[in-house]
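Only one structure is covered here, and it is reproduced in the block below.
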Amino acid sequence: MQKTILFDLDGTLLPMDQDAFTKGYFKLLAKKLAPHGYDPAALVDHIWAGTAAMVKNDGSRTNEAAFWSTFAGIYGQERVQRDMPLFDEFYRVEFQEAKALCGYNPKAGQAVAACKAAGFRVALATNPIFPAYATESRIRWAGLEPEDFALYTTYENVGYCKPNPDYYREVAAHLGCQAADCLMVGNDVDEDMIAARQTGMEGFLLTDCLVNREGKDLSVYPQGGFEDFLEYLKGWK
């Protein structure tokens, strides 16, 4: 069985301060929709409500369906259907300004290329709360292409979210592999390390943009920057 490397995106391949990015992203979205009758503060609250529905999703429907069902419950199905093109346009146009809220590390692309050159399959295990176009944009901001990955998770193709271990089980199912044959590389202790390990996957903690909300002990994880990861990979069979 071919071994698979799973990479997180935000804060891993794409350097960022997650809070700053989220605030900037919401500001752009509110600016887009305010002229169409959406109160900015209420809109942000309702986006969070839709996000919470995705995080609680149990795999019985896609995250996309979970989000829009919640959103339609607030604004009404007719309005949501009418305004859907505005949201699509936002991700294709205004969302691109959010690139300025992210950093760039050429070592990310080099690490992905090195994994593939070494014979590993590479997939992108980013929390699937964004539509495909937004995810594909963020992949390109990191200096990569969607085609670089055997799979990249979006809210259209997955029915779970991190930190639910079932998210990782679904990723493995999509890839047709066993969890034991996967290595998860990410910067978030809870979402990337603990959740993946609960399925039998191994993990490498990338510490460049470390997220450790509860100050958990990090000594149990192989960790470091991209150079450390590539060195660790030499011994991962």
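Overview of values
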| quantity | calculated |
| --- | --- |
| Restricting the stretch 158-169 to residues that are among the charged types (D, E, K, R) and more than 13 Å from Thr126 (Cα to Cα), the residue that is most open to solvent (accessible area, probe 1.4 Å) | Arg169 |
| Residue within the stretch 2-20 that is open to solvent by 40 Å² or more (accessible area, probe 1.4 Å), more than 22 Å from Leu206 (Cβ to Cβ) and not polar (S, T, N, Q) present | no |
| Contacts under 6 angstrom Cβ, first residue in the stretch 47-65 being touching a residue at least 12 places away in the same chain (Cβ under 8 Å) and within 21 Å of Phe26 (Cβ to Cβ), partner outside any loop (DSSP other than H, G, I, E, B) and open to solvent by 20 Å² or more (accessible area, probe 1.4 Å), 6 or more apart | Ala49/Thr70; Gly50/Thr70; Ala53/Thr70 |
| Criterion violated by Asp208 - all others in (1) part of a loop (DSSP other than H, G, I, E, B); (2) touching a residue at least 40 places away in the same chain (Cβ under 8 Å); (3) open to solvent by less than 30 Å² (accessible area, probe 1.4 Å) satisfied | (3) |
| Any pair with Cβ under 9 angstrom, 6 or more apart, that starts in the stretch 163-187 at a residue that is farther than 11 Å from Met1 by Cβ and in contact (Cβ under 8 Å) with a residue 24 or more places away in the chain and ends at one that is assigned to a strand (DSSP E or B) and among the aromatic types (Phe, Trp, Tyr) | Leu183/Phe204; Met184/Phe7; Met184/Phe204; Val185/Phe7; Val185/Phe204; Gly186/Phe7; Gly186/Phe204 |
| Where Asp19 falls short, out of the listed (1) assigned to a helix (DSSP H, G or I); (2) modelled with pLDDT of 95 or more | (2) |
| All positions within the stretch 188-198 that are closer than 17 Å to Ile5 by Cβ and either open to solvent by 50 Å² or more (accessible area, probe 1.4 Å) or in contact with a Leu (Cβ under 6 Å, 6 or more places away or on another chain) (or both) | Met193, Arg197 |
| Number of the exception - Leu218 against (1) under 30 Å from Ala53 (Cβ atoms); (2) open to solvent by 30 Å² or more (accessible area, probe 1.4 Å) | (1) |
| Unique residue being at pLDDT 95 or above, within 27 Å of Gly235 (Cβ to Cβ) and either hydroxyl-bearing (Ser, Thr, Tyr) or not in a strand (DSSP E or B) (or both) when the list is Ala123, Ala98, Ala108, Ala173 | Ala108 |
| Residues (farther than 19 Å from Lys23 by Cα and loosely packed, with under 15 Cβ neighbours inside 10 Å) located in the stretch 81-103 | Gln81, Arg82, Met84, Pro85, Leu86, Asp88, Glu89 |
| Identity of the residue in the stretch 189-237, among the small types (Gly, Ala, Ser) and closer than 18 Å to Ala111 by Cβ, that ends up modelled with the lowest pLDDT | Gly235 |
| Residues located in the stretch 6-32, provided they are polar (S, T, N, Q) and either in contact with a helix residue (DSSP H, G or I) (Cβ under 9 Å, 6 or more places away or on another chain) or without any contact (Cβ under 8 Å) to a residue 40 or more places away in the chain (or both) | Thr12, Thr22 |
| Failed item in (1) buried (at least 19 other Cβ atoms within 10 Å of the Cβ); (2) over 27 Å from Ala34 (Cβ atoms), with Glu145 passing the rest | (1) |
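The values are calculated or read from the model by the stated rules, or taken from the named source; none is laboratory data. Remember, predicted model here, so these are calculated numbers, not experimental data. For neighbour counting, all protein chains shown are included, and Cβ atoms are generated from backbone atoms with ideal geometry for every residue, glycine included. Protein only, heavy atoms only, side chains kept; ligands, DNA and RNA dropped before computing areas. Shrake-Rupley method; radii C 1.70, N 1.55, O 1.52, S 1.80 Å.
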